[in-house]
1. Sketch the reach of a paramagnetic label on K114 as a point 7 Å from Cα along Cα-to-Cβ, and name the residues of the stretch 130-151 whose backbone nitrogen lies under 16 Å away.
2. Quick one: pull the percent of accessible area on the chain belonging to carbon and sulfur, 1.4 Å probe, ligands and nucleic acids left out.
3. Does anyone have the angle between helix 74-92 and the longest principal axis of the chain? Alpha-carbon axes, 0 to 90°, nearest 10?
4. Whole number in Å², please: accessible area per residue of the chain, 1.4 Å probe, ligands, DNA and RNA not counted.
5. Only Cα pairs under 8 Å and at least 6 apart count here; give the relative contact order of the stretch 50-97 as a rounded whole percent.
6. Give the relative contact order (percent, whole number) for the chain; include only Cα pairs under 8 Å separated by 6+ residues.
7. If you wrap a convex hull around the Cα atoms of the chain, how much volume per residue is inside, in Å³?
8. Can you give the angle from 0 to 90° between the axis of helix 14-29 and the longest principal axis of the chain, with both taken from C-alpha atoms, to the nearest 10?
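The values are calculated or read from the model by the stated rules, or taken from the named source; none is laboratory data. Just so we're clear, the structure is a prediction, and the values are computed from it rather than from any experiment. Positions of Cβ are generated from backbone atoms using ideal geometry, with glycine treated the same way; all protein chains shown enter the neighbour counts. Only protein heavy atoms, including side chains, enter the accessible area calculation; ligands, DNA and RNA are left aside. Shrake-Rupley method; radii C 1.70, N 1.55, O 1.52, S 1.80 Å.
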Amino acid sequence: ACWKTYVGRPETVGIRLMAMSMLGNGLFLADHHEEALSLREAELAILRRNGASEHNILAVQANLAMTYEELGRGEQASQMERDVYRGRLKLNGEEHEMTLRAAFNYASTLARLKRFAEAKSVMRRTMPVARRVLGDSHDLWLKLRRAYAQTLYHDASATLADVREAVTTLEETKRTARRVF
């Protein structure tokens, strides 16, 4: 109903884009990923065509990356996540929470693709910044630590030192999470 109300309006009308975004989110949440993909690709094209802000473009790209991931298109997801991360670095700087979240998403996608060296590199650059900016009890910091530990021990080339680091990291993260939550 929302989409039908606004579909006839010009592309430049913000309410039409909001309706597209809501429909895309609804389709995604209802596991209609192919339909969500078509809508999100159209939304991104409209934003680019009409000179939308970089912030809005990055938000749609992040949604598009999640959709690629759900459709089993991991390489496309990782490329889009990389673009979002780089865009957030340029737009917001390395200490902004949206940049840190983009780094987490990118590294997580790399780890799912078993590109462990790249994932560890992104996380190792991001984790000291996240700890300094967010603090030890922030949920994103805890997620980064857990993901880093999992990346360490899932890597087939992990050394004994890597596995020990993963165990220590998980134990510390668990203690902090129990204290905070």
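1. Those under the cut-off are 151.
2. 52
3. So the inclination is approximately 90 degrees.
4. I get 55 Å² per residue for the chain.
5. Reported relative contact order: 36 percent.
6. 11
7. 126
8. 50
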